[in-house]
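The values are calculated or read from the model by the stated rules, or taken from the named source; none is laboratory data. Values in this document were obtained by computation on a predicted structure and should not be read as measured data. FYI the Cβ positions are ideal-geometry reconstructions off the backbone, even for glycines, and counts take in every protein chain you see.
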Ligand code: 4AD
Ligand code: MG
């Protein structure tokens, strides 16, 4: 079987020759003694038209094919200069691998994304989701390529862990204890000696702490894996299970971190524009009209930079526009992030130096004693896509912060060791992979860029 992508890419080689393709019926029209089938095999965004006639041995069966059926077609590939598509196949043989039932939900009409979410096992067979998931795949590859070309080592950090990297307490517990009959100590607390790991454990919210240990061995590393957050946020940009890319660079500060983040995002944008032009044009036409202009503009400009304190000054002047009013010390909500990037900067922007109280324990304290060397990258349409920081590399300051926040010092022994044995400036960030795919495709809901999304109250399939 030849892929439809291959037919498009190397047309000259196949025109006027007999080819065999396998795919699924997208639509079928039949007349008395001939008909047309549009087939998609998932390898290329443009479907392929098959013409068949009553010369076919199984003409009667072919005529009765339903949308969704799987077929293998052999025939001559002929040029169709007058048509929208460059060529079609004149079928000599149509083998029916699997007929489709007439109740196949994806008939040729527009379905809402909401409805398609209820059939996530079938939605990848629609144009939109075919495009989304191919771009998702290419994006993952582009990210690996970016880091590998720069000699970063890919580190697999554990998914089950005893620590809470972000300190937000939004973790899914991992246990083998019988929840209906939890063993307890005399004081009523859970007896974790009866649990699998002999201690409380959870799914990781971030691979960063483990990643840092490898940065202190390899200088530059990145992680790329699933992370889990039991955030009770039912929004279009929060998922309970999402993928994160976390580079960590040694002998580097916050500026180096932002340069890395900006070059990575630009690299990925360039890569998908170049390698998925059909899909990107489709998004631009049917999902988000300004998409290509916006992405091209990003490639041709520098990201904005603003400190948290300056950002608050800008936002405070516009407090009448916000549901949540801002003041120094508060965390930025999506509406504020979007205002900054969409109305003020009109391009991606780094917000830096947040108050230490609203950021994680590991961030480097600035000289003012109030803010930390943090950066969030905000993009139009979404808000925060990246969160990063320079890490506290001073043993005493880090220990003091761990104690101040009431964290269990023992849990962070390995992390403190890094500040004991050859500590150096280092920084890193986390890119939310799904948010990145949303940004690249213009898709507005995180549920529509994950094959099988897990969100509050939803763990189907
Ligand atoms: O800002 P966050 O919480 O940063 C960290 O986890 C750091 N440990 C990263 C680092 O410095 N190595 O998360 C990073 C990014 C966010 O900017 C966002 O894009 C994404 O992860 N993210 C989510 N994406 C989808 N659903 C959620 N619930 C998300 N929470 C965070
Ligand atoms: Mg963040």
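Summed over segment 168-221, residues that are under 20 Å from residue 360 (Cβ atoms), surrounded by fewer than 16 Cβ atoms within 10 Å (Cβ to Cβ) and touching a helix residue (DSSP H, G or I) at 6+ places or on another chain (Cβ under 6 Å) total 1.
Look at segment 327-359 and say how many of its residues are under 22 Å from residue 297 (Cβ atoms), in contact with a strand residue (DSSP E or B) (Cβ under 7 Å, 6 or more places away or on another chain) and not in a helix (DSSP H, G or I). So the answer is 5. Screening 234, 185 for residues that are more than 30 Å from residue 418 (Cα to Cα) and modelled with pLDDT under 95 leaves exactly one candidate, 234.
Taking the criterion of being within 16 Å of residue 8 (Cα to Cα), touching a strand residue (DSSP E or B) at 6+ places or on another chain (Cβ under 8 Å) and in a loop (DSSP other than H, G, I, E, B), the residues of segment 84-108 that qualify are 85, 86.
Total residues in segment 360-376 satisfying the condition of being more than 9 Å from ligand 1 (Cβ to nearest atom), crowded, with 21+ Cβ neighbours inside 10 Å and not in a strand (DSSP E or B): the figure is 1. In segment 148-167, of all residues being within 11 Å of ligand 1 (Cβ to nearest atom) and touching a helix residue (DSSP H, G or I) at 6+ places or on another chain (Cβ under 7 Å), the one that is modelled with the highest pLDDT corresponds to 157. The criterion of at least 3 residues that are touching a strand residue (DSSP E or B) at 6+ places or on another chain (Cβ under 7 Å) is met, among helices (runs of 4 or more DSSP H) falling completely within segment 1-70, by 59-63. Inside segment 382-420, residues that are free of Cβ contacts under 8 Å to residues at least 40 places away in the same chain and assigned to a loop (DSSP other than H, G, I, E, B) make up a count of 7.
Every residue, every condition in (1) touching a helix residue (DSSP H, G or I) at 6+ places or on another chain (Cβ under 6 Å); (2) within 26 Å of residue 172 (Cβ to Cβ), yes or no:
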{"site": "419", "(1), (2)": "yes, no"}
{"site": "422", "(1), (2)": "no, no"}
{"site": "437", "(1), (2)": "yes, yes"}
{"site": "451", "(1), (2)": "no, yes"}
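For segment 377-397, the candidate set comprises residues that are away from ligand 2 (no atom under 13 Å from the Cβ) and closer than 22 Å to residue 345 by Cβ; within that set, the residue that is surrounded by the fewest Cβ atoms within 10 Å (Cβ to Cβ) is 381.
In this structure, does residue 324 turn out to be part of a helix (DSSP H, G or I), farther than 30 Å from residue 419 by Cβ and in contact (Cβ under 8 Å) with a residue 12 or more places away in the chain? Here the answer is no, as residue 324 does not meet what is asked. The residues listed here are 425, 435; of these, the one that is surrounded by fewer than 19 Cβ atoms within 10 Å (Cβ to Cβ) and either over 24 Å from residue 134 (Cβ atoms) or within 16 Å of ligand 2 (Cβ to nearest atom) (or both) is 425. Taking the conditions exactly as written (surrounded by 14 or more Cβ atoms within 10 Å (Cβ to Cβ) and more than 30 Å from residue 411 (Cβ to Cβ)), does residue 309 satisfy them or not? In short, yes. If the condition is being within 16 Å of ligand 2 (Cβ to nearest atom) and part of a helix (DSSP H, G or I), then segment 214-263 contributes 254, 257, 258, 261.
When segment 202-223 is filtered for residues that are away from ligand 1 (no atom under 12 Å from the Cβ) and either modelled with pLDDT under 95 or under 19 Å from the mean Cα position of the chain (by Cα) (or both), only 203 remains. Any residue at all in segment 260-280 that's surrounded by 13 or more Cβ atoms within 10 Å (Cβ to Cβ), in contact with a strand residue (DSSP E or B) (Cβ under 7 Å, 6 or more places away or on another chain) and closer than 26 Å to residue 445 by Cβ? Yes. Of the residues making up segment 321-334, one or more are under 15 Å from residue 376 (Cα atoms) and surrounded by 20 or more Cβ atoms within 10 Å (Cβ to Cβ).
Which of the residues belonging to segment 438-461 are surrounded by fewer than 16 Cβ atoms within 10 Å (Cβ to Cβ) and within 16 Å of ligand 2 (Cβ to nearest atom)? Of everything in segment 438-461, nothing turns out to be surrounded by fewer than 16 Cβ atoms within 10 Å (Cβ to Cβ) and within 16 Å of ligand 2 (Cβ to nearest atom).
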